[in-house]
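Have a look at the structure below, then the notes.
The values are calculated or read from the model by the stated rules, or taken from the named source; none is laboratory data. It should be emphasised that the depicted structure is a prediction, and the values quoted were computed from it without experimental measurement. As a convention, Cβ positions derive from the backbone with ideal geometry for all residues, glycine included, and neighbour counts pool all protein chains shown. These area figures cover heavy atoms from the full protein model, side chains too; ligands, DNA and RNA do not enter into them. Shrake-Rupley method; radii C 1.70, N 1.55, O 1.52, S 1.80 Å.
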Amino acid sequence: MHQPDDASLRETLSRLPWEALLEATPDAVLIVDRQGLIIWCNRHAEQMFRYQEGELVGRPVEVLVPAASRKNHRGHRTKYQAAPYRRGMGDSQDQTAICKDLHELTVEISMSPLKMDDTQLIVATVRDVSQRRLTERTLFSMAYTDRLTGLGNKPFLLDRLDEAIRVAQHFKRPAAVVLTDLDLFKRINDSLGYAAGDSILQEVARRLALRFPEPITLARLGSDSFGLVLDDPGDATAAATTAQSLLALFEEPFRLGEQEVFLTPSIGISLFPEDASDAETLLQHAETAMYRAKDERNSYAFYARDTSRSIATRLTLESNLRKAIENNELVIHYQPQIRLSDARIVGAEALIRWNHPQLGMISPAQFIPLAEETGLIVPITEWVLETACRQALAWQKDGLPTIRMGINLSARHLKHDQLVSNVAEVLARTGLSPELLDLELTESLLMENLSKAASMLEELHARGVHLSIDDFGTGYSSLNYLKRLPIHALKIDRSFIHDLTTDRSSAAIVRAIVDLAHHLGMHVVAEGVEDVTQRDLLLELRCDEVQGFFYSRPVPADAFQDLLRTAPFLVNPAIAG
């Protein structure tokens, strides 16, 4: 069979009508005159925009443009007609088009000028990219969106931060990243469950989105950490203002059904170009600053180069704390609780101390929050519980006065269903009577999961264990729980005792707490008693027991044994003067 050569093919094509060529293209093609009227279109254009044959010709091209965009479209078309060759041939852009039935499409449009005699026309080639763009958005969402909150994720934040840095370099202006982390958020998951934690994270994201709309970039970086990218924040003062706005978002409680939960953030800020010139390092420095802010909580901090050393120290402490129990570095000091009616010791509060082999005695203010965050507080408290119970029984066997032993519990203990069985096992192993064990819990700890706490405390009460509310008066809760829980004692927080003799409001609060407790059949312990005037006024207010430096600081077991031999109790001569 004879095959035509290239020359004959070219000759055949030259005789082919141009309409046939444009009908063969898979894209929609429209030819528009200077007035914006469609003077020709191929069948793909009619099919794409859902018009019958011949319906589009003679209509304004704006019928294919949504009403809200027509004025803008007309302006662009006029500019193109004035200088059609300024745009590169075939350059395309995405636009929204509207079909006859009002269905909207995402289309890619490229335009080319066509001159016929003295008439300037526009040839528009239109491709439906709706499905492709939907797929791209879906893939982008999967890669750059946090599923729980709908905010961006860490890769999204780093991408936007990279862009902010490039813009800042070009315009010689600053940029900033702000990182916020929720203080003690693990308590929510531990005590109320992960569903409650997720609900709070979603509410945090909602508050952030309302307070910091676009173009500010928002992202959840993982767990309870959120980040903001500030393009051109102005200066450090402006970044600080943003941090203060963040703090204000947490002033209102978070609601979980009928329950209110209060949370605070710790915020770290790093600035471009002062702190770093790339996104990864800038974010890392914001995290370092955030850990510095966690020392105080509910605060913010800027990155400082010496902060890195403090974070390294923190990580070293965490590593060493994990080994402290097995290395016998933990010790217990005991602070006496004095019955005011006869000045005799009736109880002791067991307080953990860490005697580090290189660093010496480390303050509980340094390692207890670290133990809470890492979960090490659970094995540490279990060690304190058994050690203190054995010590109380040892004093009793030596013929010394029988006293209650107070042990502080953390929120993590109420998470574990084994708390009751663990206490029972310790009492069985040590031989201490249950009524001589006093477990101390704070108000805020109880209110994080009142129903579960009530169940556990009822079981402990049934076994004879003594239960106290520590730091009473400082929580956010109502007093309703006092009639629901089997509480034996209220411990008035030291902040009220400090101003007892100088502030009438503090004295009134203490009087009210004592009256309330006695009417509910509870006794009262005042913490932080430091002088004789406080002691005398508490006696006048009918407070049952006290503890504080006026009588004794927390002391090692052998020194406490000497105090037990003193009857009645003699006040600390260095303080009593």
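A few notes on this one:
- First in the range 29-52 and in contact (Cβ under 8 Å) with a residue 60 or more places away in the chain and open to solvent by 10 Å² or more (accessible area, probe 1.4 Å), second anywhere and of a type in the set (D, E, K, R) and assigned to a loop (DSSP other than H, G, I, E, B), Cβ under 8 Å, 6 or more apart: 39/33
- Tally of residues being over 20 Å from residue 268 (Cα atoms) and either in contact with a strand residue (DSSP E or B) (Cβ under 6 Å, 6 or more places away or on another chain) or not polar (S, T, N, Q) (or both) across the range 165-199: 17
- The requirement of being over 17 Å from residue 470 (Cα atoms) and not hydrophobic (A, V, I, L, M, F, W, C) is satisfied by residue 429.
- Test: residue in the range 80-100 that is modelled with pLDDT under 90, more than 47 Å from the chain's Cα centre (by Cα) and aromatic (Phe, Trp, Tyr): yes
- With respect to (1) aliphatic (A, V, I, L, M); (2) in contact with a helix residue (DSSP H, G or I) (Cβ under 7 Å, 6 or more places away or on another chain); (3) surrounded by fewer than 21 Cβ atoms within 10 Å (Cβ to Cβ); (4) part of a strand (DSSP E or B), the lone exception for residue 179 is condition (3).
- The range 201-234, subset of a type in the set (S, T, N, Q) and open to solvent by less than 40 Å² (accessible area, probe 1.4 Å), residue farthest from residue 157 (Cα to Cα): 225
- Considering residues of the range 124-138 that are open to solvent by 30 Å² or more (accessible area, probe 1.4 Å) and modelled with pLDDT of 90 or more only, the residue farthest from residue 23 (Cα to Cα): 128
- Positions within the range 511-561 being over 21 Å from residue 335 (Cα atoms) and in a loop (DSSP other than H, G, I, E, B), in sequence order: 520, 521, 522, 541, 542
- Evaluation of residue 196 against the conditions (1) buried (at least 17 other Cβ atoms within 10 Å of the Cβ); (2) in contact with a Lys or Arg (Cβ under 9 Å, 6 or more places away or on another chain); (3) not basic (Lys, Arg) shows that the sole unmet condition is (2).
- Residues satisfying the stated conditions in the range 288-305, i.e. within 15 Å of residue 224 (Cα to Cα), open to solvent by 30 Å² or more (accessible area, probe 1.4 Å) and outside any loop (DSSP other than H, G, I, E, B): 291
- Scanning the range 518-565 for residues that are free of Cβ contacts under 8 Å to residues at least 12 places away in the same chain and either under 23 Å from residue 488 (Cβ atoms) or open to solvent by less than 60 Å² (accessible area, probe 1.4 Å) (or both) yields 519, 521, 559.
- Looking across 160, 147, one residue alone is open to solvent by 60 Å² or more (accessible area, probe 1.4 Å), in a helix (DSSP H, G or I) and basic (Lys, Arg). It is 160.
- The range 353-372 - residue that is open to solvent by less than 20 Å² (accessible area, probe 1.4 Å) and in a strand (DSSP E or B) and, of those, modelled with the lowest pLDDT: 362
- Within the range 387-418, the set of residues being part of a helix (DSSP H, G or I) and either among the β-branched types (Val, Ile, Thr) or more than 35 Å from the chain's Cα centre (by Cα) (or both) comprises 387, 388, 389, 390, 391, 392, 393, 394, 395, 396, 397.
- The residues of the range 373-383 that are part of a helix (DSSP H, G or I) and at pLDDT 80 or above, listed by number, are 377, 378, 379, 380, 381, 382, 383.
- Test: residue in the range 313-320 that is at pLDDT below 85, open to solvent by less than 30 Å² (accessible area, probe 1.4 Å) and of a type outside the set (Phe, Trp, Tyr): yes
- Count of residues meeting criterion [closer than 16 Å to residue 286 by Cα, touching a Phe, Trp or Tyr at 6+ places or on another chain (Cβ under 7 Å) and in a strand (DSSP E or B)] in the range 216-267: 6
- Selection status of residue 383, open to solvent by 50 Å² or more (accessible area, probe 1.4 Å), farther than 20 Å from residue 522 by Cα and aromatic (Phe, Trp, Tyr): yes
- Residue among 511, 494 that is within 19 Å of residue 469 (Cβ to Cβ), open to solvent by 40 Å² or more (accessible area, probe 1.4 Å) and at pLDDT below 90: 494
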